[in-house]
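Comments concern the structure below.
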Amino acid sequence: MMAASPLLAPCICFQVHQPYRLTSYDFFQIGQRSYYEDDELNRRVFSKVAEKCYLPAAQFFRKLIERSEGRFRIALSFTGLVLEQMADYRPDVLDSFCDLIATGGVEVLGETYYHSLASLYSFAEFQRQINLHGAKVREVFGVEPRVFRNTEFIYSNRIATEVESLGFRGILAEGVPWVHPHSEANYLVKAPGTKAVKILLRNSFLSDDLAFRFTDKTWKGYPLNAADYCERLAGMHGQLLNIFMDFETIGEHQWRDSGTFRFWEEFVSMYLERGGEFVSPSMAVARFEVESDYDCSQPTSWAESERDPSAWIGNAMQKEAALKIHGIEQAVMETGDPRLIHSWSKLQCSDHFHYMNSRVGSDGLAHRYLSPFETPYDAYIYFMNALADLQIRVDRINIARSFLV
């Protein structure tokens, strides 16, 4: 009788992020008001997500790790923006995540501090934000990120080379089938020209079953139970199973009454009982060799059917806004003003460009659901007004400095 194939190791990674949403910044505020965010809305949204997701989910995963004596592991990718909001709005949430990470069963990944699109525009800014993020993670959690997750899973050969130059051993990316056969998402790969950095490709089918289709009553797999999911995983071939999604999926995108907490508890218990093992990204990088090159010359992402950055820079409004915010990088840095640089950096957050997305259909509905504005045009106008004010502040400082030289 042929022995059963060993179960592949799931690598579970969650993104933890909240943007600072802009206020309705109209034309008449330009030059008069140098603060652009809606504090009341940001605090209210964060507290809602904290109660529905962050607190219960962090405590839940801590119990799963402790109950399994460390055999269950996850990775978390915090943006600098969400860590700021935890400290300012809900320190109890930050404490809860610190307790979770203290179990030893959580790897903290590298990120861009401001959840920006800098990797598409400026290596200097990309590097600055990664270094800021690393310093923040060391300060808050006392750990050093070794594996990198870029904003919105934006990835290319060039980005892999830049990330390797910054000392990371691994990088997460979307397993895009037209770049590489989708079956290969279960193997580590590498970018041409890199020496040591390994790529962990997200298995979109396994991930999206839990992130999106789990509550879809029209899906043929609904309702998904832990036993069926374990059977699917048992039939997979490769080295490991990369299951990546937003942390807010647990309790926020999928409410508690959807059964999401029960599913995860049963899945983890069942998979471990069957002899399965969970690995962190760093464990995977250390354990497995690359199977082949992943030649990705054009940037990809994890968004929509296109799997490219067009969800953020696909229309004329988005392109203009992105080019203008990144086009003033040198002038902003020349001010040497930490508060102004921070304001400029927060305007780089990818969510601002996401709100400007004008697509229709199911993708468009997702953009509308997440946006604090009535229309993509409103998101564009308020962003550009805030940027115009910031440009005035930059010019004032640099002109004043020029007279002192």
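Annotations
- In region 162-198, trypsin sites (Lys or Arg not before Pro) in a DSSP loop with at most 12 other beta-carbon atoms within 10 Å: Lys195
- The calculated FRET efficiency for Glu277 paired with Ser24, based on their beta-carbon distance and R0 = 41 Å, is about 0.20.
- Each principal axis of the chain carries a Cα extent, and these read 84, 47, 42 Å when sorted largest first.
- Antiparallel DSSP beta bridges within the chain, as percent of all bridges there, nearest 5: 15 percent
- Summarised as an ellipsoid, region 210-300 has semi-axes of 26, 19, 13 Å, derived from the eigenvalues of the Cα gyration tensor scaled by 5 and square-rooted, with the largest first.
- Formal net charge of residues neighbouring Gly104 (Cβ-Cβ distance under 13 Å; K, R +1; D, E -1): -1
- On the beta carbon distance between Asp99 and Arg401, with R0 = 45 Å, the FRET formula returns roughly 0.45.
- Region 109-123-region 125-166 distance, computed between alpha-carbon centres (Å): 8 Å
- Efficiency of FRET between Glu306 and Glu374 - r from beta-carbon atoms, R0 45 angstrom, step 0.05: 0.95
- Computed over region 139-205, the P(r) curve from all C-alpha pair distances, binned at 5 Å from the origin, holds 4, 17, 28, 24, 15, 7, 3, 1, 0 percent per bin.
- Annotated for the chain: lysine pairs at least 8 residues apart or interchain, Cα distance under 27 Å, count 14.
- Solvent-accessible area per residue in region 59-167 equals 34 Å², computed with a 1.4 angstrom probe and all protein chains kept.
- Difference of contour (0.36 nm per residue) and Cα-Cα distance, Val360 to Ala87: 94.6 nm
- Extent along principal axes [Cα atoms of region 247-405; Å; largest to smallest]: 72, 41, 31
The values are calculated or read from the model by the stated rules, or taken from the named source; none is laboratory data. Bear in mind that the values here come from a model prediction, so they are computed numbers and not experimental data. No Cβ is skipped: glycine too gets one built from the backbone with ideal geometry, and neighbour counts run over all protein chains shown. Please note that ligands, DNA and RNA were not included when accessible areas were found on the heavy atoms of the full protein model with its side chains. Shrake-Rupley method; radii C 1.70, N 1.55, O 1.52, S 1.80 Å.
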